[in-house]
Structure formats: structure tokens, C-alpha cells
Amino acid sequence: MPLLFERIKDIRNHLGRLRCDEKASIGFVPTMGYLHEGHKALIKNSVLQNDVTVVSIYVNPAQFGPDEDYHRYPRDIDRDTAICEELGVDVLFAPTDREMYPEGFGTYVSVSGITEVLEGEFRPGHFRGVATVVLKLFNIVQPDRAYFGEKDYQQLKVVEKLVKDLNLPVQIVPVETVRDKDGLALSSRNVYLSDKERVSALSIYRAFQHAQRRTSEGERRADVLIREMEELIRSYPLVRKIDYLTITDPDLQPVEEVRDGDRILVALWVGDTRLIDNWRIKL
Ligand code: PAF
């Protein structure tokens with residue numbers, strides 16, 4: 001059974017002892033809970049690569065906009081604890097809001113350069129909330145390695161930049177997106193989808209496959225590929241709105257000609273559910 005901590009000073013003391021007395025290396029998987037196979041892949045990597053694995057479960061209010069799903073975001077700490085136990089997690093950190101943002105809290109971290117576009121454009125303040133909580137969690141846990149899914153590709157890039165710019169002594173380990181058999185990228189938000197909506201959500205993976213096939217056949221023009229993907233996605237009846245659909249280089253700069261390793265990034269609405277996903281183009 002993982003040891004569960006809610007207080008910062010308690011987890012600090014515990015990890016401090018492990019770090020000093022046992023010279024333990026610490027792997028860290030920050031999550032908002034409601035764990036799925038995607039989180040499990042992060043945890044498995046950490047358990048393999050470190051002496052001690054810490055998982056945090058905290059639905060961070062600072063990264064949700066006023067009209068977003070903070071209140072209905074799925075939560076199930078008992079189920080999450082059981083999954084962590086099964087995977088060999090040593091320490092769980094599940095702080096309260098008061099613990100993370102006590103009265104008088106007023107310091108936020110802003111990563112500039114890559115947070116103004118894509119998710120940043122449609123979710124103003126989101127990355128400020130992510131960067132702030134990630135930095136706080138890194139300071140609390142002081143991990144040697146921290147694991148982030150490629151599913152949230154822009155978030156991964158923001159965290160990498162945060163670590164580089166602020167010289168944080170932690171290695172960021174990216175882990176590939178885990179997909180269901182039908183291709184839908186795993187996300188805690190998939191529980192919002194009805195069966196019919198789920199069919200429309202598959203348009204994303206179909207569009208990626210289409211673009212991958214077309215590039216393998218020789219099509220390199222990003223605008224052509226984007227237009228074709230958009231047409232395919234819009235043919236699914238429950239896709240309500242596409243926030244963005246673009247192709248960038250690995251550093252999120254838009255490209256005109258597609259090269260190996262470029263990324264297709266998409267955010268769209270199926271009914272009332274906003275889904276994001278991305279695909280690494282292989283040539
Ligand atoms: O990806 C997430 O689940 C969250 O954005 C994170 C990194 C745990 C910060 O709240």
C-alpha cells in the first residue's frame with residue numbers, strides 16, 4: 001500500500017529521509033487523478049527507473065478557466081490508490097487546496113514563448129496554472145526524474161522550458177501517448193463521452209492516419225494535409241467545433257513543408273467535451 005500524504009511538511013520529511021539516509025532516487029508522476037492506462041505507462045516507467053516512485057493526485061484549480069470543467073472533473077481517490085498499489089507506487093501525495101494555495105498565495109510562474117498559441121490561445125491562463133503547480137510540486141517532491149505524457153504535447157514542452165529556464169535539477173521523461181484499441185487517446189475526460197460521441201471522437205485518429213498515409217505517399221504540403229484532415233473530421237456528425245488543427249515542428253513552430261518528427265496538433269469539441277490529441281509524423 002503506498003503511503004498517503006496530504007501535508008507538505010510530512011511528505012518532505014519522509015522523502016528527505018529516503019534521499020539522505022538511503023540515497024534513494026526519486027521518480028515523480030504528477031497527475032490530476034482518475035488514473036487510466038496513460039498514467040499507468042508513466043508510473044511503470046518511473047517504477048522501473050527509480051528507487052522510489054511518488055504520484056501526486058491534485059485537481060489544480062489554477063489551470064482551469066471559469067467556464068471549464070473543474071467542478072465536474074472526475075475524481076476517485078480509492079480507485080487511484082488501488083491502481084498505485086498494484087503498480088508498486090511508494091508514495092501518494094494528495095494535498096488539499098488550502099495546502100497548495102493557502103490564504104495570501106500570490107506567486108505565479110509564466111513561461112513565455114510557447115504558451116500564447118494553441119492551448120494557450122483557447123485556454124488563457126491555463127499554462128500559468130500548470131507551470132505554477134508543477135514548480136510547486138517539484139519543490140515539494142524534489143524528484144530526480146518526472147514523467148509527462150506526450151498526449152499533452154504542448155504541456156510537455158512548457159514543462160521542459162520551465163525546467164531549462166529556471167535550472168531545475170530534474171530530468172523530464174516524455175512517455176508516448178497510450179491509445180485505446182480503436183485509436184482514441186486515453187484521457188480522464190473520455191468518461192464524458194456518450195457512445196455516439198465516442199464514434200465522432202475517433203475522427204481525430206482517422207485524420208492522423210489519413211495524414212500519415214498521405215505523407216508516406218509523398219504529400220508534404222502542410223496546408224493540403226490540414227485541409228484534408230479538416231474535411232474528414234467535419235464529416236463526423238457530433239464534432240461541434242475545431243479549436244485548432246495544425247502541423248508544427250517539434251518545437252511547436254508552424255511548418256509549410258512536413259518533415260519527419262513534425263507534429264499534428266488538434267483540439268476539438270465533441271458535444272460538450274473538448275478533446276486534444278497530437279501525432280508525430282514518421283517519414
Ligand atoms: O497533465 C496533468 O494532469 C496536469 O496538467 C498536471 C501536470 C498534473 C498539473 O496539474
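Per the Debye calculation on the range 70-136 with a single equal scatterer at every Cα and no solvent contribution, log₁₀ I(q)/I(0) for q = 0.17 Å⁻¹ amounts to -0.87.
Within the range 78-113, which GluC sites (Glu not before Pro) sit in a loop by DSSP and count at most 11 neighbouring Cβ atoms inside 10 Å? Walk me through the numbers before you get to the answer.
Numbers: sites: 85, 86, 99, 103; in loops: 103.
The qualifying sites are 103.
For the chain, the normalised intensity computed at q = 0.09, 0.14, 0.15, 0.16 Å⁻¹ comes to -0.45, -1.06, -1.20, -1.33 (log10 of I(q)/I(0), Debye sum over alpha carbons, equal scatterers, no solvent). In terms of its alpha-carbon gyration tensor, the range 135-261 comes out oblate; a/c meets the 1.5 threshold, while b/c is at least as large as a/b.
What FRET efficiency comes out for residue 48 versus residue 3 if R0 is 25 angstrom and r is the Cβ-Cβ distance? Round to the nearest 0.05. The pair residue 48/residue 3 has a calculated efficiency of 0.80.
Counting each pair of different Cα atoms once, what's the Kirkwood radius of the range 13-119 in Å, rounded to one decimal? Walk me through the numbers on the way to the answer.
Details: mean 1/r = 0.0630 Å⁻¹.
Computed over Cα pairs of the range 13-119, the Kirkwood hydrodynamic radius comes out at 15.9 Å.
Each residue, residue 86 and residue 221, gets one label point 7 Å from its Cα in the Cβ direction; the gap between the two is 4.9 nm. What are the lysines whose alpha-carbon lies under 26 Å from the alpha-carbon of residue 241, with same-chain residues fewer than 8 places away excluded? Reachable lysines: 151, 157, 181, 196.
Each part reduced to its alpha carbon centroid, the range 173-250 and the range 62-108 end up 29 Å apart. If the cut-off is a Cα-Cα distance under 12 Å, which aspartates and glutamates reach residue 23, setting aside same-chain residues fewer than 8 apart in sequence? Cross-link targets: 51, 144. Per residue, the solvent-accessible area of the chain (1.4 Å probe, heavy atoms of protein chains only, all protein chains present) comes to 49 Å². Counting only DSSP beta bridges whose two residues both lie in the chain, roughly 50 percent are antiparallel.
Counting only residues at least eight positions apart within a chain, or on another chain, the lysines with an alpha carbon under 19 Å from that of residue 9 are 136. Sites listed here are chymotrypsin sites (Phe, Trp or Tyr not before Pro) in the range 77-129 whose DSSP assignment is loop and whose Cβ has at most 13 other Cβ atoms within 10 Å: 105, 108.
The fraction of accessible area contributed by carbon and sulfur in the chain is 48 percent, rounded to a whole number (1.4 Å probe; ligands and nucleic acids excluded). Count Lys and Arg as plus one, Asp and Glu as minus one, and take only other residues whose Cβ is under 14 Å from that of residue 143; the net charge is then +1.
The values are calculated or read from the model by the stated rules, or taken from the named source; none is laboratory data. Note that this is a predicted model, so its numbers are computed, not measured. In this analysis, Cβ positions are derived from the backbone assuming ideal geometry, glycine residues included, and neighbour counts consider all displayed protein chains. Ligands, DNA and RNA are stripped out before the accessible areas are found, and what is left, the full protein with its side chains, is counted by its heavy atoms. Shrake-Rupley method; radii C 1.70, N 1.55, O 1.52, S 1.80 Å.
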